[in-house]
1. What full-extension length gain, to one decimal in nm, is calculated for residue 270 and residue 511 as 0.36 nm per residue of separation minus the Cα-Cα distance?
2. Quick check: from the Cα gyration tensor, does segment 374-503 come out rounded (a/c under 1.5), prolate or oblate?
3. At 37 °C and a viscosity of 0.692 mPa s, what translational diffusion coefficient does Stokes-Einstein give for segment 208-311, taking Rh as the Kirkwood radius over Cα pairs? Give it in µm²/s as a whole number.
4. For segment 501-567, what percent of Cα pairs sit more than 16 Å apart?
5. Using only the alpha-carbon atoms, what does segment 325-572 span along each of its principal axes? Please give whole angstrom values in decreasing order.
6. For the pair residue 166 and residue 60, how long in nm is the line joining their label points, each one 7 Å along Cα→Cβ?
7. Which residues in segment 360-390 place their backbone N less than 17 Å from a point set 7 Å from the Cα of residue 344 along the Cα-to-Cβ direction?
8. Based only on other Cβ atoms within 10 Å, what is the fewest-to-most ordering of 245, 344?
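Laboratory data are not the source of any read-out in this text; all were calculated from the coordinates shown. Note that the structure is predicted; figures quoted are calculated from it, not measured. FYI the Cβ positions are ideal-geometry reconstructions off the backbone, even for glycines, and counts take in every protein chain you see.
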């Protein structure tokens, strides 16, 4: 028996055994759960299946609506054929089950317990928690705008049985339903000039008929989602589809249609395509080798084998040695986690200049940038004999930010509600960059993410400070797709922001007497952890390791977050300017 057929046979056996062990007897229109999965095959993580049941005979209006919502949540029935049995012919024509997808918490209630002999109304009362957009991004509801919701179902008698004649559009899923039906994965796309990869976190629907790995590859083939449109590319051409993904002799085989050959004509594109597959499938393949096939056959001109270890250099977080730097009395210092004595690093002579707000590049020959108090952003190497050079001019600049390409960024505030984004690659010329979403705001921070594709901004358009996230279109040199991550709130002041990794942003806020540090997922748009107390802290910096968070205080202290003790520990007592990790 071929390996693929054997694996599938074993998988079906495992599901059958687990089903027998875990299933419960359904009552009426309620679904029942079984334990799904394909055993030890890493390409399909275990999941809880909810098998829809048809309408309960002589079911009450509440039971019919409850059964309908449960059946609609069943991903084992991708066409929702069972859920459609709860609807009248007229309702069937108007119900589209695939969009929008709304996540809620709430309960059902009869509008009037005295049911009319031919018509009844049931209301879903609760709170909208969020929704899934067309790209597969979960969009949490604005807490101020969500509030209570009420969605009405109208029922009529059809041959003596209650059926739904009118239902709210799309799918309404409880939080548990949503977690069962979707998995969170990162898709990876080549950064500008294939300098590395950029991650885009999406929700992939569970589809037992095709398997999770195939669903994930198919999602990758669609291309970058709207927030990254124009900021990244894809090595896959539009005429490529995936036939199957399976394990054969401990190698993950990805079988594409013939269009995959067109996508690999150039060596650069083939390398980018390999990196996309290796990184996107990593959570499911356990770093196994990947073989690309074409319509079930070996790739033309020899096997196409991808070893994921060959593509570690495409890491979206870029940073190689996460050591923080800081300025103290004009001298550059580097903190070493294994050495309590900071290292003094050679840097250009300061003279009478006063520098602050350090930024560190990720070049092989490290460069540092800082604001000069009299105006301008200056750059120096860290080797002895380096000189400070002014790269960006301006009297009111945001702290400088490096990107992975060696460009330095800042925003000059030309007047109230008049900002201009600036970029420089050396001391010869600064270039204005279009940013329609910022040009009528007051901007106090502008940070390019380590992947070089995203930006985070503290801006005030007259309605209060908020954190915006967007992307960099390097083909048109434009900051685009800006959207709120942390909305403006009365009495809230946003002190500082810092990228921890390519998707995670730290936000330091103050409200009344409290000051807290929060961790946010940019792609999910949600806060990830409980806020950390941050009394006295004025600036923050971070590296991809969650434990590497460092802060500066108004008194010139540098503090490091200790996750074991859940507290800040002082490592430099006084006289230090705000610290910085490379990039971020």
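1. Working: separation 241, 0.36 × 241 = 86.76 nm, distance 5.07 nm.
Gain in length upon complete extension: 81.7 nm.
2. prolate
3. Numbers: Rh = 13.9 Å.
For the chosen part, D equals 236 µm²/s.
4. Values: 1037 of 2211 pairs.
Beyond 16 Å sits 47 percent of the P(r) for segment 501-567.
5. 47, 46, 29
6. Taking the simple label geometry, residue 166 and residue 60 are separated by 2.3 nm.
7. It comes to 382-386, nothing else.
8. 344, 245
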